[in-house]
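A short worksheet on the structure shown next.
The values are calculated or read from the model by the stated rules, or taken from the named source; none is laboratory data. Predicted, not measured: the structure shown is a model, and the values here were computed from it. All Cβ positions, glycine included, derive from the backbone under ideal geometry; neighbour counts span all protein chains shown. Remember, those area values only see protein heavy atoms, side chains included, never the ligands or the DNA or RNA. Shrake-Rupley method; radii C 1.70, N 1.55, O 1.52, S 1.80 Å.
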Amino acid sequence: MDLSPSLNSLPGTGAQGRCARPRRPAGQALLTTALAAGLAVLWAFGLAGCAQMGAASTSSAPTGQAEPAPELMPLAAVAPGVLQDMRYHGAHNFMGRPIAGYEAAQCWLSRPAAQALAAVQREVQPLGLTLKVFDCYRPQRAVDDFVRWGKDLQDQKNKAEYYPRVPKQELFQRGYIAERSGHSRASTVDLTLLVRDGLLARQVLAGPLADGQEVDMGTPFDLFDELSHTANDSLAPDVQRNRQWLRALMQRHGWRNLPEEWWHYTLEHEPYPQRYFDIPVR
């Protein structure tokens, strides 16, 4: 639509279809010309203001089309010692199959998140420990896959392992499945600790600490249950201590825990707090 000002749109100025007007004195003609010029200037300013509002609206649109591409990177580039057990790339997960969007078994994160996790890894290595990640950046198409699965009440083949005490129809209500995930902002990670040297690890952790085994955190990853709540006080003291130590460790490096999942951490100062990405992991 052409919104540019036109003198033909002013009353009495059209050559056809308008009432002819008597000739005006020279001074009045000058005044009319000045008024027309002023109206043109006002139109110009108005259009400029509309253009600026449109640009602001586009940049904040949910699709993010006007936003720059996110800077995602493989965690292995800065922390090659972190073990990666990317559950959603294979069948060892609550859905029992590979999830949409995971085309490679790689942990991707925003650069600040990857660097912050590398700092955690540097702290735990001298203690006979290493980080082990289960999920990092999660494309929106994977979240959509979760939602479709959650609505299919006929598919409950992995209920005994992942949600034995929760009816599947309540997974949304209880917050275990949602249409948006912080993982899609590329600065959230699901992780645990694995023992490299049990003698060293006993200086900071408790319970059985066998070399090559995960630290006892009371429940496996992705168990949809109140037992997975980080501060659940019904668990053994050793488990509570291990969870608290992991949480304090991550907090020292700028991560906050999701209270309902002991394994789930988000970078406090994430670079894309309002953006959700759908780039496949390749």
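Table for the structure above
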read-out: Answer residue from region 107-122, given it is farther than 13 Å from Glu71 by Cα and touching a Leu at 6+ places or on another chain (Cβ under 7 Å) and is surrounded by the most Cβ atoms within 10 Å (Cβ to Cβ) among those; value: Leu117
read-out: The listed residue being touching a residue at least 60 places away in the same chain (Cβ under 8 Å), closer than 30 Å to Lys168 by Cα, of a type in the set (A, V, I, L, M, F, W, C) and crowded, with 18+ Cβ neighbours inside 10 Å, out of Val239, Val281; value: Val281
read-out: Among (1) open to solvent by less than 50 Å² (accessible area, probe 1.4 Å); (2) under 22 Å from Cys136 (Cα atoms); (3) part of a loop (DSSP other than H, G, I, E, B), the one test that Gly207 misses; value: (2)
read-out: Candidates Val189, Val166, Val147 - the one that is within 29 Å of Glu71 (Cβ to Cβ) and either in contact with a Phe, Trp or Tyr (Cβ under 7 Å, 6 or more places away or on another chain) or modelled with pLDDT under 95 (or both); value: Val189
read-out: Matching residues in region 156-175 - criterion: being without any contact (Cβ under 8 Å) to a residue 60 or more places away in the chain and either open to solvent by less than 60 Å² (accessible area, probe 1.4 Å) or not in a loop (DSSP other than H, G, I, E, B) (or both); value: Lys159, Ala160, Val166, Pro167, Lys168, Gln169, Glu170, Leu171
read-out: When residues of region 137-188 are limited to those that are β-branched (Val, Ile, Thr) and under 14 Å from the mean Cα position of the chain (by Cα), the one farthest from Glu270 (Cα to Cα); value: Val143
read-out: Among (1) at pLDDT 95 or above; (2) assigned to a helix (DSSP H, G or I); (3) more than 18 Å from Val143 (Cβ to Cβ) - the single one Tyr88 does not satisfy; value: (3)
read-out: Tally, over region 176-188, of residues that are touching a residue at least 40 places away in the same chain (Cβ under 8 Å) and surrounded by 12 or more Cβ atoms within 10 Å (Cβ to Cβ); value: 9
read-out: Selected residue (only one of Pro80, Pro126 is outside any loop (DSSP other than H, G, I, E, B), farther than 20 Å from Phe224 by Cα, open to solvent by 70 Å² or more (accessible area, probe 1.4 Å) and at pLDDT 95 or above); value: Pro126
